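Participant: Dropping the structure in here first, questions after.
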Amino acid sequence: MRMRHAASVAAVCLMAAGCSSSGPSISSGAADTLHQDVVALTTAIANHKWNDADHALAQLRTDLTSAANAGAISSLRAAAIQADVASVQADLAAHREAQPPPPPLTTSKPAPTPKPKPKPKPKPKPKPPGHEHGHGHGGGEGGD
């Protein structure tokens with residue numbers, strides 16, 4: 001809701017305070033440029049594109065300073081616009097602080113799947129006593 005307020009401040013205050021070309025305190029070229037900056041700003045805010053809003057706000061500040069330095073806007077009107085720009089910037093900063101941090105990026109590789117362990121070979125059964133030497137038939141020493 002606070003961002004709607006920021007958009008309203010940007011649209012209403014900036015347009016009313018200085019981006020219209022009525023009166024001699026701003027040239028029509030400066031008014032057009034600042035108007036475009038305000039439209040970009042309010043569009044970014046309305047679409048929740050906060051980085052775009054920051055860029056539009058920075059562009060508005062740059063264009064306002066350029067217009068003031070060129071004498072295309074009166075210092076009184078530039079100060080009024082600058083005050084509104086500061087208010088919008090404060091709203092954007094407050095919005096950022098109120099937002100939860102983004103989840104961390106997961107760049108790690110998935111854990112490898114463990115290879116199945118081979119089944120141990122069964123141990124041979126022990127031979128019963130008296131059968132340790134095998135089952136040989138014949139070949140013994142008995143005689144007839």
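Participant: What distance in nm separates the simple spin-label points at S27 and A86, each placed 7 Å from Cα in the Cβ direction?
Facilitator: 2.7
Participant: Here is a further query. Need one number: nm distance between label points at Q59 and K125, each 7 Å from Cα along Cα→Cβ, rounded to one decimal.
Facilitator: 8.8
Participant: Obtain the nm distance between the two label points defined at N47 and L105 by a simple spin-label model: each point lies 7 Å from its Cα along the Cα-to-C-beta direction.
Facilitator: Here the modelled spin labels are 2.3 nm apart.
Read the figures in this text as sums done on the coordinates, not as results from a lab. Keep in mind that this is a model prediction, so the values were computed, not measured. Heads up, the Cβs are rebuilt from the backbone with ideal geometry, glycines too, and the neighbour counts pull from every protein chain shown.
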